[in-house]
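**Q** Quick one: the structure is below, and I'll ask about it shortly.
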Amino acid sequence: MEVSGVASGVEQEPLGQEQLWSPQQEEKEGEEQKQREELEKRRQLLCTEFASVTSSDAAVAQCYLAENDWDMQRALNSYFEPPLDEQYVDRMSPVPPVTETFVDLTDSLSGSSVTATVKEVERGLQEDDSTLSLITWNIDGLDLSNLQERARGVCSYIALYSPDVVFLQEVVPPYLNYLQKRAVSYTIIPGNTEAYFTAIMLKKSRVRVLKHEITPFPTTSMMRNLLEVHATVSGNELCFMTSHLESTKTHAEERLNQLKLVLKKMSEMPASTTVIFGGDTNLRDKEVNCRKLFIYIKHYYLSLFL
């Protein structure tokens, strides 16, 4: 009882602010702090990736990413945005060579943004003598809709995937001018400079160009030809060939004649040279399955080993 009386007689001090702080509030603040830290880490990673792809610095990367809601693809498009009009293209200062990159091509596409993880790695690993990366792409330069946006997209994807060799079809002069100003880490060899044409891009750090040759198709009505580039990669002799064969169903015979000429050119290459052909052949299923084409392919295939 005495103890009880003493206890009841003790004057209780008012609870301070620290005593009112509940475990739930502390846990909530800790979670919010953790989320802020994770967001900051993700943004730092995006800045590093952007700077790696564009050969810029962290400040430039943060500026472009912040202006585009931290969407990598939109930020890259904004960076590669100068107008296609030639008078503006000529005023643009060249962009420094794109840093070599490794890209996880298995990442998925979400909406209009490309969720590709870009990691900078040692040059020795990137330039693996046992591998060669190549893209062939009809960029549809004849379609004037969204021309500027699609041109920026071409540059963005080449910057992201950093292929050693690129075969392009349906290139138009504004595209060529744009690529020559932006893709300074590539040697660009066009198959023509008028109307629309093919082009081959070769990464300067991997491919040593020896010579190139343009062979017009003698009976074409669409200015088509065969573009070939002779080069060496890690001491290996290669011949890169691309073409855009005659279009439409009514030109099937001309298309097959052009393919025969391509096969003939391939068969004439020295045994020490590896030939890589790719492009837009416009071949229909019926044409691929025809007996004449099979005989020609068999003939030139055998001639390479006899």
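The values are calculated or read from the model by the stated rules, or taken from the named source; none is laboratory data. Please read all numbers here as calculations on a predicted model, not as lab measurements. In this analysis, Cβ positions are derived from the backbone assuming ideal geometry, glycine residues included, and neighbour counts consider all displayed protein chains. These area figures cover heavy atoms from the full protein model, side chains too; ligands, DNA and RNA do not enter into them. Shrake-Rupley method; radii C 1.70, N 1.55, O 1.52, S 1.80 Å.
**Q** Please arrange Arg36, Arg224, Arg208, Arg284 by accessible surface area, largest first, computed with a 1.4 Å probe and ligands excluded.
**A** Values: Arg36 125, Arg224 15, Arg208 150, Arg284 90 Å².
Ranked list, largest accessible area first: Arg208, Arg36, Arg284, Arg224.
**Q** Pick out, in residue order, every one of the GluC sites (Glu not before Pro) in the stretch 149-251 that is DSSP loop and has at most 15 other C-beta atoms within 10 Å; say none if there are none.
**A** Working: sites: Glu149, Glu170, Glu194, Glu213, Glu228, Glu237, Glu246; in loops: Glu194, Glu246.
Those that pass, being in a loop and sparsely packed, are Glu194.
**Q** Something else about it: For the stretch 158-294, give me the percentage of DSSP beta bridges that are antiparallel, rounded to the nearest 5 percent.
**A** On the way: 27 of 34 bridges.
If I count the DSSP bridges inside the stretch 158-294, around 80 percent turn out antiparallel.
**Q** Which FRET efficiency, nearest 0.05, do Ser272 and Lys204 yield, Cβ-Cβ r, R0 22 Å? Please list the in-between numbers first.
**A** Numbers: r = 23 Å, r/R0 = 1.07.
Efficiency, rounded to the nearest 0.05: 0.40.
**Q** Provide the solvent-accessible area of Asp164, counting protein heavy atoms only and rolling a 1.4 Å probe, rounded to the nearest 10 Å².
**A** Result for Asp164: roughly 10 Å² accessible.
**Q** Which part of the stretch 131-169 falls in the paramagnetic zone of Ser234, meaning amide N under 13 Å from the point 7 Å along Cα-to-beta-carbon?
**A** 131-133, 164
**Q** Describe numerically, in nm with one decimal, the distance between label points set 7 Å from Cα along Cα→Cβ at Arg284 and at Ser247.
**A** So the two model labels end up 1.7 nm from each other.
**Q** OK, next. Please work out the FRET efficiency for the pair Glu26 and Glu149, using the Cβ-Cβ distance as r and a Förster radius of 41 Å; give the result to the nearest 0.05. Could you put the intermediate results ahead of the total?
**A** Details: r = 49 Å, r/R0 = 1.20.
Efficiency for this residue pair is about 0.25.
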